[in-house]
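Step one of this worksheet: look at the structure below.
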Amino acid sequence: MSRTISENIFGTHFFSKYYLTILGVILLTVSSKISIPFYPVPMTLQTLVVYFIAASMGMVGFYSTFIYVVLGTLGLPIFANGGGIGYIFSPTFGFLYGMVVAAFFISIVFNKEVSANLIKLSLTIFIGALIIFLCGVSHLSFFVGFEQAVTFGLMPFLYSEFLKIILAIAIIFGLIQRVNSKSHK
């Protein structure tokens, strides 16, 4: 039976998964605070973290992303611009629920499989990014219209998102190679 990257490194014990879930929430929180303030959507490192934890931790990465969004919605100031129930009605909330959907998708594809298939990894991460921006731009369009949502919620992020995707793929593929080389010894 194959295991996720995190299960290969940290084991399958309940406490390992518990601590990795908390680590995922912490990484998402820290990555949300590293931002460049664009309007209406700030540029953060959250998507890089979502790609990484979902692909490397499987469903634990999804749970981390889901818990992060729930905690922020309940009022913890862990989002880029704070938190609270009112965040649901903010222009940027679509990117947050898009991260949950993308984490679920990536986790399902990579759950219980540490595959060295670079094409599958790349395609999965790119589809995850597409999911995030589709949800984010759709939600933002209710506030500013579709053209403005694309202009302010997608276009400024294309180059930086491409770099985050490439970085996530490189890190995850490197981890897969390392895990696979250790398991063959």
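Observations
- Residue in the range 67-76 that is of a type in the set (Val, Ile, Thr), without any contact (Cβ under 8 Å) to a residue 24 or more places away in the chain and under 26 Å from VAL144 (Cα atoms) present: yes
- Residue satisfying all of: in the range 56-91; within 13 Å of THR21 (Cα to Cα) and among the aromatic types (Phe, Trp, Tyr); surrounded by the most Cβ atoms within 10 Å (Cβ to Cβ) among these: TYR68
- Residue in the range 58-77 that is modelled with pLDDT under 90 and closer than 21 Å to GLY174 by Cβ present: yes
- Complete set of residues in the range 87-116 that are modelled with pLDDT of 90 or more, over 12 Å from the mean Cα position of the chain (by Cα) and of a type in the set (Gly, Ala, Ser): SER90, GLY94
- Helices (runs of 4 or more DSSP H) contained in the range 117-185 and holding at least 2 residues under 22 Å from PHE66 (Cα atoms) and in contact with a helix residue (DSSP H, G or I) (Cβ under 6 Å, 6 or more places away or on another chain): 118-144, 158-183
- When each of SER107, SER64, SER31 is tested for being in a helix (DSSP H, G or I), of a type outside the set (Val, Ile, Thr) and touching a Leu at 6+ places or on another chain (Cβ under 6 Å), the lone residue that passes is SER31.
- In the set (1) farther than 14 Å from LEU48 by Cβ; (2) within 18 Å of the chain's Cα centre (by Cα); (3) surrounded by 13 or more Cβ atoms within 10 Å (Cβ to Cβ), VAL179 fails one condition alone, (2).
- Scanning the range 147-159 for residues that are modelled with pLDDT under 90 and among the polar types (S, T, N, Q) gives no hits.
- Residue-level analysis places TYR97 among those that are touching a Cys at 6+ places or on another chain (Cβ under 7 Å), within 22 Å of MET43 (Cβ to Cβ) and not in a loop (DSSP other than H, G, I, E, B).
- Scan of the range 30-64 for residues that are closer than 21 Å to SER160 by Cα, of a type in the set (S, T, N, Q) and within 12 Å of the chain's Cα centre (by Cα), ordered by number: SER31, SER32, THR44, GLN46, THR47
The values are calculated or read from the model by the stated rules, or taken from the named source; none is laboratory data. From a predicted model like this one, the values you see are computed outputs, not experimental measurements. Note: ideal-geometry Cβ built from the backbone for every residue, glycine included; neighbour counts use all protein chains shown.
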